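Please treat every number below as a calculation from the coordinates, not as lab data. Everything numeric in this text was worked out from a predicted model, so none of it was measured. When we count neighbours, we look across all protein chains shown, and the Cβ atoms used for this are built from the backbone with ideal geometry, even at glycine.
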Amino acid sequence: MPSLAASRAERERFIPMGSETLFRDKPVWRAIIALAVPSVLTILIMVVYNIADMFFISMLGDDDQVAAVAVVGPIFSLATAVATMIGAGGCAVIARTLGAGDREQARTLSSLCVWAAIGFGAVFTLLLLTATDPILRLLGATENLIPQAGTYMRILALGTPLMLFSLAMASTIRAEGSIMPGMISNMAGTVTNLVLDPLFILAFRMGVAGAALATVLGNLVSSVMLVRAVRKHASAMAFSPRYSLRQPALLLHILAVGLPNGVSSILSGLASTFSNRLLNAYGSGAIAAMAAAGRSVMVITMVQMGICMGVSPLLAYNCGAGNRSRLREALQKTAALALGFGLVSGIACFFGREVLIGLFLKDTANLTLGSRLMTWLILASPFLGFYYLSSNFLQAAGKAFQATLVSVLRQGVLLIPALYLMHALFGLTGIAAAHTAADFGAILAASVLGLRGYRQIAAADHSREHRH
């Protein structure tokens, strides 16, 4: 692989002019918007996927079916985590590789991403189909929820390889500036899901089975369009397994770099499982209320995540190219954008919380409880942009250990103990308050580690300049 000091002329021979100009030359605000908007839209597509099933099922007026969907959610958060690790890790590593001028290595890396996503998806399918009931009990399902939750999970399991492939590749192809194809492909899958959900759930009265089937078919559409998009638009991406067989050990590097993003999703799924197990004592209505509250504030945090993930290739490229001033400007402006959105959307969600909860719950008592829990979840969410930016910057800079440490703090080291401690102290309300406490602690720690990581890069660059 060429060194990071490869000349600009060398890099231009290997990198498509569109992405080279975007990452290196365009005004930073324009580059951020060009990268962040498609990423945010892709994230919102994921949010719609998460919300659509619960929304249309809620129209049946059965909060138990809403709770069944909520119970199954964490296990697919784990599957999403694997896709995120592959996609985010692949995007960062491929972007740095292109920044250093090695196009052939980029093909090897992209092929590894493709086949890893499909392979891990197949493993998930086998596991979920062979151990459905034990997994559901582990997730905190009450006995009355297991039949419907089992139906929902088994159908979704059949489409897990498609889900991992579509999510991973939509992120990976951003590494070379192919922004729109991934977004359009995932949007097509979402539209398919949104069209089929009311048809299967309401018209055909299939309930949770219809919701799961619509999701699988949506992922199928998204995957087919991604294959076509990559073949047409992504010049440094490869599907052929012969590339991945050259250096299969590089998959470990991809997963290590993507681990911070994946760990966050993994721990989110685990935290939801622990939360549901605590909520189990209060009945399925409490599980549904907490799920509705979480879905209602999801857009605040997910958009901030999308902004920060979107600029990841910009940060990675300029780390690889040694352009410290552009890197600093990108970090400052991304932080301002994420914070501004977080504050505006947080205020809007607070004042509209009863309307939002009402989209998912029909029972008056559950609706009131959901509104109360949602208030706690909103408090820290406007500031989570600092957390996501620090994690993505450390990842883009190749500081996998620090980035992983940031990721395990929020949903693992801090949240899981906080759930049990605050539940013991404050009961049901403490479960929601634990999220707020863990979020603020993670934001502070991530900001400190991110600033330290940047100063280390700046010091290293200054030392190299002084020696030369």
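Helices in the chain, meaning DSSP H runs of at least 4 residues, each add -39500 (n - 2.57). Divided by all residues, the mean residue ellipticity at 222 nm is -28000 deg cm²/dmol. Residue ranges 138-149, 415-426 sort as 138-149, 415-426 when ordered by packing (mean number of other C-beta atoms within 10 Å per residue, highest first). So how tilted is helix 384-396 from the main axis of the chain? Cα-based, degrees 0 to 90, rounded to 10. Once rounded, the angle reads 40 degrees. Measuring how big the chain is from its alpha-carbon positions, Rg and Dmax come out at 21.7, 72 Å.
Ranked by how many other Cβ atoms sit within 10 Å of their own Cβ, fewest first, the residues 354, 176, 329 fall in the order 354, 329, 176. Per-residue Cβ neighbour counts within 10 Å put 226, 158 in the sequence 158, 226, beginning with the fewest. Computed over neighbours whose Cβ is under 14 Å from that of residue 142, the net charge equals -2, Lys and Arg +1, Asp and Glu -1. The phi-based Karplus calculation (6.51 cos²θ - 1.76 cosθ + 1.60; θ = phi - 60°) puts the 3J(HN,Hα) values of the stretch 329-340 at 5, 5, 5, 5, 6, 5, 4, 5, 5, 5, 5, x Hz, whole numbers, x for Gly and Pro.
For residue 402, the shell of other residues with beta-carbons less than 14 Å away shows a net charge of +3, using +1 for Lys and Arg and -1 for Asp and Glu. In degrees, nearest 10, range 0 to 90: what is the angle between the Cα axis of helix 160-172 and the longest Cα principal axis of the chain? It works out to around 40 degrees. Sorting 204, 239, 23 by the number of Cβ atoms found within 10 Å of their own Cβ, with the fewest placed first, yields 204, 239, 23. Please determine, in degrees from 0 to 90 and to the nearest 10, the orientation of helix 415-426 with respect to the longest principal axis defined by the Cα atoms of the chain, where the helix direction is its Cα long axis. It works out to around 30 degrees. Kirkwood radius and radius of gyration were both taken over the C-alpha atoms of the stretch 201-326, and their ratio Rg/Rh is 1.06.
Taking amide H atoms as placed 1.01 Å from N in the peptide plane, the amide H of residue 238 lies under 5 Å from those of 110, 111, each 5 or more residues away in sequence or on another chain. Sorting the segments 300-312, 395-407, 187-199, 265-277 by their mean number of nearby beta carbons within 10 angstrom, highest to lowest, gives 300-312, 395-407, 265-277, 187-199. Taking a sphere under 11 Å around the Cβ of residue 33 and counting the other residues whose Cβ falls inside, with K and R at +1 and D and E at -1, yields a net charge of +3. Within the same chain, lysines fewer than 8 places from residue 232 are excluded, and of the rest, those with a Cα less than 27 Å from its Cα are 26.
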